[in-house]
Amino acid sequence: MSFDSELDDLGAALAAFTRRRLLYGSAVGLGGLAGVGLLDAASVFAKSSHAPRPIPGGFSKNFKPVPKHPFVHVLAPGIGAEMSTITDFNGVVAAADMQGTANNGAYFFDADMRFMDGLYVGTDGKLRQGHFGFV
């Protein structure tokens with residue numbers, strides 16, 4: 001086999017390798033890695049004892065702040081307010097409270113979005129790490 005024929009074979013291989021084929025292969029590979037976790041039957045049937053304990057206060061069904069037995073375990077965002085929704089949490093909390101109008105002022109919206117990433121004590125009493133978010 002000559003050097004020129006090896007270059008021709010390499011050129012043909014590179015020509016067949018397209019961006020579409022690269023993206024498709026990457027998507028299939030990532031999907032396969034994500035699906036590996038589904039093969040663990042124990043995680044599907046396990047109890048959720050690793051769930052975090054929510055903060056004690058929050059809002060009632062009428063969206064009034066209450067110190068105990070809230071309908072939603074979240075407090076209004078603001079400086080000095082508790083931004084985490086998890087008791088015994090040590091980590092990063094990021095929040096955004098956005099207000100505005102839509103459809104030329106016909107609709108008003110208020111969106112509270114947060115995410116938490118860090119260590120927490122689960123309902124089983126064990127120290128765990130997790131990522132949480134809500135809109």
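The values are calculated or read from the model by the stated rules, or taken from the named source; none is laboratory data. In this text the structure is predicted, and so the values were computed from the model without any measurement. FYI the Cβ positions are ideal-geometry reconstructions off the backbone, even for glycines, and counts take in every protein chain you see. Accessible surface is based on the protein model in full, side chains and every heavy atom, while ligands, DNA and RNA are left aside. Shrake-Rupley method; radii C 1.70, N 1.55, O 1.52, S 1.80 Å.
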Could you please find all residues in region 64-80 being farther than 22 Å from residue 125 by Cβ and either surrounded by 12 or more Cβ atoms within 10 Å (Cβ to Cβ) or of a type in the set (Val, Ile, Thr) (or both)? 66, 70, 71, 72, 74, 75, 76, 77, 79
Could you say whether any residue in region 81-102 is in contact (Cβ under 8 Å) with a residue 24 or more places away in the chain, in contact with a His (Cβ under 6 Å, 6 or more places away or on another chain) and surrounded by 14 or more Cβ atoms within 10 Å (Cβ to Cβ)? yes
Given the conditions (1) at pLDDT 70 or above; (2) open to solvent by less than 60 Å² (accessible area, probe 1.4 Å); (3) not in a loop (DSSP other than H, G, I, E, B), report the number of the one that residue 5 does not fulfil. (1)
Out of (1) surrounded by 10 or more Cβ atoms within 10 Å (Cβ to Cβ); (2) modelled with pLDDT under 80, what's the single condition that is false for residue 42? (1)
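Here's the yes/no breakdown for (1) at pLDDT below 85; (2) over 17 Å from the mean Cα position of the chain (by Cα):
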| site | (1), (2) |
| --- | --- |
| 59 | no, yes |
| 67 | no, yes |
| 82 | yes, yes |
| 87 | no, yes |
| 90 | no, yes |
| 100 | no, yes |
| 108 | no, yes |
| 123 | no, yes |
| 129 | no, no |
Restricting to region 103-135, name every residue that is farther than 21 Å from residue 63 by Cβ, open to solvent by less than 80 Å² (accessible area, probe 1.4 Å) and either basic (Lys, Arg) or part of a strand (DSSP E or B) (or both). 116, 117, 118, 119, 120, 121, 122, 128, 130, 132
